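Student: Starting off with a structure, shown below.
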Amino acid sequence: MQMPEPSQAIMNQREALAVALRQIVGQEWVISDEAERRPYQCDGITAYMAMPLLVVLPGSAAEVQQILRFCHERGVKVVPRGSGTSLSGGALPLEDGILLVTSRLCNVLEVDAPNRVARVQPGVPNIKISEAVQHLGLCYMPDPSSQLISTIGGNVAENAGGVHCLKYGVTANHILGLEAVLMTGEIIRLGGAYLGAAEGEMDLMGVLTGSEGLLAMVTEIAVRLEPVPEVARVISMSFPSVEEACACVGAIVGAGIIPAGLEFMDRKVLDAVSVLIRETFDSNTAALLLCELDGTAVEVDALVDVVSDVARNQGAIETKVSTTEEERQRIWSSRKLAFSAIGKLCPDYYCTDGTIPRNKLPEVLNKMADMSVKYGLDYANCFHAGDGNLHPIIMYDAAKPGDLEKAEAFGADVLIACVDAGGVLSGEHGVGVEKRDLMTHQFTDIDLNQQQMVKCAFDPAELLNPGKVFPTACRCAEFGRMHVRNGAIRFPDIPRF
Amino acid sequence: MLSHIPQAAQDADANIKLAKEIIGNCVHCGVCLSRCPTYAVKHEENDSPRGRIFLIKGMYEKGGAPDDRTVEHLDRCLTCLACEAICPSGVEYSKLIAHGREYVEQHYRRPLFQRIVRESLIRLLPNAGLFRKAIALGRLARPARGLFSGTLRAMMDMVPAKPLPAPSPVDRPQTFTVKPGTTRRKRVALLNGCVQTALDTAINEATIRLLQRHGVEVVVARGSGCCGAPAEHMGAEDKALPLVKANIDAWLREADGPEGLDAVIINTSGCGTSVKAYGHAMRLDPQWADKAARVSAMARDISEFMTEIGLMPATQPAGLRVVYHSACSMQHGQRIINQPKDLLRSAGFTVLDVPEGYLCCGSAGTYNLLQPDIAGQLKERKVRNIRSVNAQVAASGNIGCMTQLAGEVGIPFVHTVELLDWATGGPEPAALAATPLVAG
Ligand SMILES: Cc1cc2nc3c(=O)[nH]c(=O)nc-3n(C[C@H](O)[C@H](O)[C@H](O)COP(=O)(O)OP(=O)(O)OC[C@H]3O[C@@H](n4cnc5c(N)ncnc54)[C@H](O)[C@@H]3O)c2cc1C
Ligand code: SF4
Ligand code: SF4
């Protein structure tokens, strides 16, 4: 992975920078020892590693402010990191940049039950919010599969989705207010701590959500809480073929039902999770759909019948409805742990994230099967079928020369196929470094220029998480001086990374 | 995750080869961080399972003596195995850390004070007699403990304020036959632990009564003793092996004798984890591999065994609200989660779970002596969580946790078997009889 050339001058200052940063956060919380920096070399993609210059763990928003101001003065790059579960390399360190880790900022600051809002620090793991309000019958809805550990700050930065986002919406739909620190150390506050607080202001919250750590460091989040649905049941439907399962996805939504979740797992994934789910699957099962229905008891009972009928008409071998909450939790936890469980099948995997219109599912899945033959690499499929968000998991062995390159090419082909089918590169994992060089396939140069101007408005010095998302540097300094004429591309000669 | 451990190192040491495979299974998903007690306290990747896997990878890739920082982070691991229990990718962290620790002890020279402390613990803990003497000495020094800090202070604080109970007659090698008039259904050997024997004799007594009452003959086999875990946790494999071999010999002598043996019963889950791992520990020794595997296959926690044979109907009206604390070696090491709670329920108790129940209490074998700071924070958190459910009694299946927590939780703390024994006709546990219960 090609990254911006690190500055040797900055790297030479490592010890001096460490001393200065320790003045801000305390001795223990600047990690400069080589052995101790090593575990921070990668996030959820182990294929890309880089040694951070220093790792800094602030204990308050005020410290974040001082750190950023200091780095801005010294021209030191900063890569934000939550729990390092990004699947797009968003938290991949830079050798001449500090890694700013939010793991110590992990408190739920306030729960306002009447207004259904919680104010939290960015390093709080997603699940901890729901745990903190569970006694009030409330929860935080977006539930990425990594929710046990991925942080809310990381969720905001990636605009994370999850199993229940089909009905309830993604992270962006559940954020009411943000506090963030710009690279200069300036603190900005957007929205507020109640529903509608952001009415009337320009939707900068929408800009920051999903900005992958390129615009500002998020230091506080006001999230919306929802009542836990009265009843929720999940139907497992097994199908003899991938096509029939895909057709059933369309048929369920076509019947006017928006399930709380609608997930697809193919045979390989099923075999990997069967231990976790404590269940074996019929040998004819090629794919399983999990469909969650929630609401009042009467509503759910009625929906369960409709969905079961649809599934049978679409050729389901078997439909099973969860009877207890414990069983439902077990089924979802097996789905949520599925990516990691693939680790049992292969030494390494590469998971991409393209999203396509639901009706294109069979077409794109067939193409994927052909690509697998072409590259000689096995893959498994486990994805948010309801919103057409594909997660092919390409299996490879990093120890085999050439395998990673093949996996990358396979992944790129899948993403290109998604865009060509009218879809997008990323549904929820973000662009990071992984899809960076494919951005030109989805966006025109004009689009990319406009996006880079937003980056320059927030971080003209280009010190926050550079080398991610955009295939070229932004050259903010020039943006300031030049005008866009008739949408002409201004820098046709800028080299790609 | 790919590692670059030199082939020569892998060829020279089968454990390093195994480490490479285990590291290869880790996909760096981070799920294990959510369960790790040291990460919960420190919030730092190097004090998390995923971080330690990276550190071990670095240690083997570099070869030679590990650096101080790596050793410190590996030392801080509680070996609670919460990470291994939740890992969806099946990473065998327990093996990775155990062999990593052996490597550290072989290649790293510890500062003098650490060497003395570790050496004395390795000698003391497996020997109930010596342990008694040390505790007696410690009692003399107790009034002066305010003068000390760190590990020494933690050791002194561990010394019980009361004199130890007299050695129990049940801990001598002997056979406890079933009561006259009952038929013998099973015959088992009981591991009469080391520390446990000295600290709380009532647990073994209750275990034997409970088994006898259920038609199970119990032998305390001549030559069996400490399971070897204390030495092994400190990476002192050479010190653990003789203990392991003595146990294997003692139990197989019974198993292959005229009376036979249906199981080896363990009532301290920390020891249970270790006996169940004998097979792995001895796998490379052709003389012992099979024998060790046989013993591991026979090992049962008392709660597993009672579940298999079925608990008789309770005779005492119990109804108490019991908060069940699952030891790490129970829930993560042996994955025994529901059996103890189900047994308590069927004996008539109301069973409550501890919030954040997956977090270690900080006791973890000798950990509270070696890492008093983290252990202290974890203990405080566990105590707060136990208190939060307003139970009348606390129960657990591991003496280590009981020692760490009793006296702090504000309610009597007993072993699960003591409650089961009581409910099915045994005496009321002493800790209960001594304290007026908080109102139901
Ligand atoms: C097993 C597994 C399953 C997953 N399932 C899902 C899923 O279902 N849905 C989904 O959407 N994602 C999923 N992911 C991807 C990942 O968990 C999410 O992208 C998550 O939001 C990342 O959170 P994190 O705390 O780990 O952030 P990191 O990986 O540490 O960082 C991610 C990005 O956010 C930036 N960032 C982090 N904190 C801040 C902050 N405070 N301010 C500004 N920028 C910040 C970083 O610079 C980086 O660009 C999964 C990952 C794994 C390993
Ligand atoms: S849960 Fe397992 S695979 Fe995931 S990081 Fe931890 S050890 Fe590795
Ligand atoms: S064994 Fe326990 S303390 Fe050690 S890394 Fe695993 S979870 Fe953390």
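The values are calculated or read from the model by the stated rules, or taken from the named source; none is laboratory data. No experiment lies behind these values; they were computed from the predicted model shown. Cβ placement follows ideal geometry from the backbone for every residue including glycine, while neighbour counts extend to all protein chains displayed. Note: areas computed on protein heavy atoms with side chains; ligands, DNA, RNA excluded. Shrake-Rupley method; radii C 1.70, N 1.55, O 1.52, S 1.80 Å.
Student: Where in region B:270-352 are the helices (runs of 4 or more DSSP H), entirely inside, with at least 2 residues that are at pLDDT 95 or above? So that I can check it myself, show each step before the final result.
Tutor: On the way: elements: B:278-281, B:289-298, B:302-309, B:339-346.
Fully inside region B:270-352 and qualifying: B:289-298, B:302-309, B:339-346.
Student: Identify, please: which residue in region B:192-219 is within 14 Å of B:PRO173 (Cα to Cα) and touching a Ser or Thr at 6+ places or on another chain (Cβ under 8 Å) and is, among those, modelled with the lowest pLDDT?
Tutor: Kept after step one, since they are within 14 Å of B:PRO173 (Cα to Cα), are these residues of region B:192-219: B:192-194, B:197, B:204-205, B:208, B:217-219.
Among the residues that remain, those that are also touching a Ser or Thr at 6+ places or on another chain (Cβ under 8 Å) are: B:192-193, B:197, B:204-205, B:217-219.
On the way: B:ASN192: 81, B:GLY193: 66, B:THR197: 59, B:ASN204: 90, B:GLU205: 91, B:GLU217: 95, B:VAL218: 94, B:VAL219: 93.
Among them, the one singled out is B:THR197.
Student: Looking at (1) touching a Ser or Thr at 6+ places or on another chain (Cβ under 8 Å); (2) buried (at least 21 other Cβ atoms within 10 Å of the Cβ), can you tell me which one A:ASP378 breaks?
Tutor: (2)
Student: Under the condition of being among the aliphatic types (A, V, I, L, M) and facing chain A (nearest Cβ under 7 Å), which residue from region B:1-47 is surrounded by the fewest Cβ atoms within 10 Å (Cβ to Cβ)?
Tutor: Initial filter on region B:1-47 (among the aliphatic types (A, V, I, L, M)): B:1-2, B:5, B:8-9, B:12, B:14, B:16, B:18-19, B:22-23, B:27, B:31, B:33, B:40-41.
Subsequent filtering for residues that are facing chain A (nearest Cβ under 7 Å) retains B:1-2, B:27, B:31, B:33.
Details: B:MET1: 21, B:LEU2: 17, B:VAL27: 27, B:VAL31: 26, B:LEU33: 25.
If we take residues in region B:1-47 being among the aliphatic types (A, V, I, L, M) and facing chain A (nearest Cβ under 7 Å), then B:LEU2 is surrounded by the fewest Cβ atoms within 10 Å (Cβ to Cβ).
Student: For the list (1) within 22 Å of B:THR38 (Cα to Cα); (2) touching a Lys or Arg at 6+ places or on another chain (Cβ under 8 Å), I need the number of the one condition that B:ALA375 fails.
Tutor: (2)
Student: Considering (1) outside any helix (DSSP H, G or I); (2) of a type in the set (Ser, Thr, Tyr); (3) modelled with pLDDT of 95 or more, say which one B:TYR39 fails and leave the rest.
Tutor: (1)
Student: Tell me the residue from A:GLU201, A:GLU220 that is surrounded by fewer than 18 Cβ atoms within 10 Å (Cβ to Cβ) and among the charged types (D, E, K, R), please.
Tutor: Values: A:GLU220 fails: surrounded by fewer than 18 Cβ atoms within 10 Å (Cβ to Cβ).
Just one listed residue meets the conditions, A:GLU201.
Student: Those residues that are away from ligand 1 (no atom under 14 Å from the Cβ), more than 14 Å from every other protein chain (Cβ to nearest Cβ) and among the hydrophobic types (A, V, I, L, M, F, W, C), I need them from region A:44-70; list them, please.
Tutor: Of everything in region A:44-70, those that are away from ligand 1 (no atom under 14 Å from the Cβ), more than 14 Å from every other protein chain (Cβ to nearest Cβ) and among the hydrophobic types (A, V, I, L, M, F, W, C) turn out to be A:LEU53, A:ALA62, A:PHE70.
Student: Same structure again: Can you name the residue in region A:132-158 that is in a helix (DSSP H, G or I) and more than 21 Å from the chain's Cα centre (by Cα) and is also surrounded by the most Cβ atoms within 10 Å (Cβ to Cβ) among such residues? Let's see the steps before the verdict.
Tutor: Residues of region A:132-158 in a helix (DSSP H, G or I): A:132-136, A:152-158.
Right, trim to more than 21 Å from the chain's Cα centre (by Cα) and you get A:132-136.
On the way: A:ALA132: 19, A:VAL133: 21, A:GLN134: 11, A:HIS135: 9, A:LEU136: 13.
Of everything passing the filter in region A:132-158, A:VAL133 is surrounded by the most Cβ atoms within 10 Å (Cβ to Cβ).
Student: If you don't mind, another one. State which residue is farthest from ligand 2 (Cβ to nearest atom) when the search covers only region B:67-93 and only residues that are at the interface with another protein chain (Cβ under 8 Å from one of its Cβ atoms), assigned to a loop (DSSP other than H, G, I, E, B) and surrounded by 20 or more Cβ atoms within 10 Å (Cβ to Cβ).
Tutor: In this case the residue turns out to be B:PRO88.
Student: Conditions first: (1) of a type outside the set (S, T, N, Q); (2) at pLDDT 95 or above; (3) out of contact with any Cys (no Cβ under 6 Å at 6 or more places or on another chain); (4) within 16 Å of ligand 1 (Cβ to nearest atom). B:PRO49 passes all but one, so which condition is the exception?
Tutor: The single condition B:PRO49 does not satisfy is (3).
Student: Taking region B:22-68 on its own, how many of its residues are touching a strand residue (DSSP E or B) at 6+ places or on another chain (Cβ under 9 Å) and under 16 Å from A:ARG38 (Cβ atoms)? It would help to see each step written out before you state the result.
Tutor: Kept after step one, since they are touching a strand residue (DSSP E or B) at 6+ places or on another chain (Cβ under 9 Å), are these residues of region B:22-68: B:24, B:27, B:33-34, B:43-46.
With under 16 Å from A:ARG38 (Cβ atoms) added as a condition, the list becomes B:44-46.
Count: 3.
Student: Please tell me if A:GLY354 is more than 14 Å from chain B (Cβ to nearest Cβ), within 14 Å of ligand 1 (Cβ to nearest atom), open to solvent by less than 60 Å² (accessible area, probe 1.4 Å) and in contact (Cβ under 8 Å) with a residue 12 or more places away in the chain. Before you say what the answer is, go through the steps one by one.
Tutor: Values: more than 14 Å from chain B (Cβ to nearest Cβ): yes; within 14 Å of ligand 1 (Cβ to nearest atom): yes; open to solvent by less than 60 Å² (accessible area, probe 1.4 Å): yes; in contact (Cβ under 8 Å) with a residue 12 or more places away in the chain: yes.
In short, yes.
Student: While we're on this one: Identify all residues within region A:363-418 that are aromatic (Phe, Trp, Tyr) and within 14 Å of chain B (Cβ to nearest Cβ); write none if there are none.
Tutor: So in region A:363-418, the residues aromatic (Phe, Trp, Tyr) come out as A:375, A:379, A:383, A:396, A:410.
Listed by number, the list holds a single entry, A:TYR396.
Student: Next question, about the same structure. So which pairs qualify, if the first residue must be in region B:17-30 and without any contact (Cβ under 8 Å) to a residue 24 or more places away in the chain and within 16 Å of ligand 3 (Cβ to nearest atom), the second must be of a type in the set (A, V, I, L, M) and open to solvent by less than 10 Å² (accessible area, probe 1.4 Å), the Cβ gap must be under 8 Å, and the two must be at least 6 apart or on different chains?
Tutor: Once the first residue is without any contact (Cβ under 8 Å) to a residue 24 or more places away in the chain and within 16 Å of ligand 3 (Cβ to nearest atom) and sits in region B:17-30, its partners that are of a type in the set (A, V, I, L, M) and open to solvent by less than 10 Å² (accessible area, probe 1.4 Å) give B:GLY30/A:ILE149.
Student: Right, here's the next one. All but one of (1) aromatic (Phe, Trp, Tyr); (2) within 13 Å of ligand 2 (Cβ to nearest atom); (3) more than 21 Å from A:GLY343 (Cα to Cα) hold for B:TYR60, so report the exception by its number.
Tutor: Result: B:TYR60 fails condition (2) only.
Student: Let me ask you something else. Can you name the number of the only condition in (1) open to solvent by 40 Å² or more (accessible area, probe 1.4 Å); (2) in the same structural domain as A:ASP43 (by TED's automatic domain parsing); (3) within 18 Å of A:HIS174 (Cβ to Cβ) that A:GLY82 fails?
Tutor: Checking A:GLY82 against (1) open to solvent by 40 Å² or more (accessible area, probe 1.4 Å); (2) in the same structural domain as A:ASP43 (by TED's automatic domain parsing); (3) within 18 Å of A:HIS174 (Cβ to Cβ), the one that fails is (1).
Student: Right, something else. Please state which of the following conditions B:ARG50 fails to meet, knowing it meets all the rest: (1) part of a loop (DSSP other than H, G, I, E, B); (2) within 12 Å of chain A (Cβ to nearest Cβ); (3) within 14 Å of ligand 3 (Cβ to nearest atom).
Tutor: (1)
Student: In region A:14-73, what residues are surrounded by 22 or more Cβ atoms within 10 Å (Cβ to Cβ) and without any contact (Cβ under 8 Å) to a residue 12 or more places away in the chain?
Tutor: A:PRO39
Student: Restricting attention to helices (runs of 4 or more DSSP H) lying wholly within region A:1-60, give those where 2 or more residues are more than 24 Å from A:PRO122 (Cα to Cα) and in contact with a Lys or Arg (Cβ under 6 Å, 6 or more places away or on another chain). Walk me through how you get there before you give the answer.
Tutor: On the way: elements: A:8-12, A:14-25, A:34-37.
So the answer is none; nothing clears 2.
Student: Separate question: Within region A:284-328, count every residue that is surrounded by 14 or more Cβ atoms within 10 Å (Cβ to Cβ) and among the polar types (S, T, N, Q).
Tutor: 5
Student: Just give me the residues in region B:290-310 being under 15 Å from B:LYS276 (Cβ atoms) and either without any contact (Cβ under 8 Å) to a residue 24 or more places away in the chain or within 16 Å of the chain's Cα centre (by Cα) (or both), in sequence order.
Tutor: Of the residues in region B:290-310, the ones under 15 Å from B:LYS276 (Cβ atoms) are B:291-305.
If the condition is that a residue be under 15 Å from B:LYS276 (Cβ atoms) and either without any contact (Cβ under 8 Å) to a residue 24 or more places away in the chain or within 16 Å of the chain's Cα centre (by Cα) (or both), then B:ALA293, B:SER296, B:ALA297, B:ALA299, B:ARG300, B:ASP301, B:ILE302, B:SER303, B:GLU304 are the ones that fit.
Student: Do the conditions hold for B:GLY58, that is, is it open to solvent by less than 10 Å² (accessible area, probe 1.4 Å), in a helix (DSSP H, G or I) and within 15 Å of ligand 3 (Cβ to nearest atom)?
Tutor: Values: open to solvent by less than 10 Å² (accessible area, probe 1.4 Å): yes; in a helix (DSSP H, G or I): yes; within 15 Å of ligand 3 (Cβ to nearest atom): no.
No, not satisfied.
Student: In region A:337-364, which residues are closer than 29 Å to B:LEU2 by Cα and more than 16 Å from ligand 2 (Cβ to nearest atom)? Even if it seems obvious, please write down each step before you answer.
Tutor: Taking region A:337-364 as the starting set, the residues that turn out to be closer than 29 Å to B:LEU2 by Cα are A:337-354.
A:THR352, A:ASP353, A:GLY354 - these are the residues of region A:337-364 that are closer than 29 Å to B:LEU2 by Cα and more than 16 Å from ligand 2 (Cβ to nearest atom).
Student: Still on this structure, please answer the following. Does at least one position in region A:226-239 carry a residue that is within 26 Å of A:ILE127 (Cα to Cα), among the hydrophobic types (A, V, I, L, M, F, W, C) and assigned to a helix (DSSP H, G or I)? Full working, then the answer.
Tutor: Taking region A:226-239 first, the residues within 26 Å of A:ILE127 (Cα to Cα) are A:226-236.
After this cut, where a residue has to be among the hydrophobic types (A, V, I, L, M, F, W, C) as well, the list is A:228, A:231-232, A:234-235.
Those still in the list that are assigned to a helix (DSSP H, G or I) too: none.
For region A:226-239, residues within 26 Å of A:ILE127 (Cα to Cα), among the hydrophobic types (A, V, I, L, M, F, W, C) and assigned to a helix (DSSP H, G or I): absent.
Student: Can we say A:LEU415 is surrounded by 23 or more Cβ atoms within 10 Å (Cβ to Cβ), in a helix (DSSP H, G or I) and modelled with pLDDT of 90 or more?
Tutor: yes
Student: Taking the condition under 30 Å from A:SER60 (Cα atoms), more than 15 Å from ligand 2 (Cβ to nearest atom) and outside the structural domain of B:ALA281 (by TED's automatic domain parsing), does B:HIS43 pass? Write out each step before concluding.
Tutor: Details: under 30 Å from A:SER60 (Cα atoms): yes; more than 15 Å from ligand 2 (Cβ to nearest atom): yes; outside the structural domain of B:ALA281 (by TED's automatic domain parsing): yes.
The answer is yes for B:HIS43.
Student: Oh, and also: Out of all the residues in region B:26-34, is one or more in a helix (DSSP H, G or I), modelled with pLDDT of 95 or more and away from ligand 1 (no atom under 14 Å from the Cβ)?
Tutor: Just the residues of region B:26-34 that are in a helix (DSSP H, G or I), to begin with: B:31-34.
With the extra rule that they be modelled with pLDDT of 95 or more, the set shrinks to B:31-34.
Filter again for away from ligand 1 (no atom under 14 Å from the Cβ), leaving none.
No, there is no match, as no residue in region B:26-34 is in a helix (DSSP H, G or I), modelled with pLDDT of 95 or more and away from ligand 1 (no atom under 14 Å from the Cβ).
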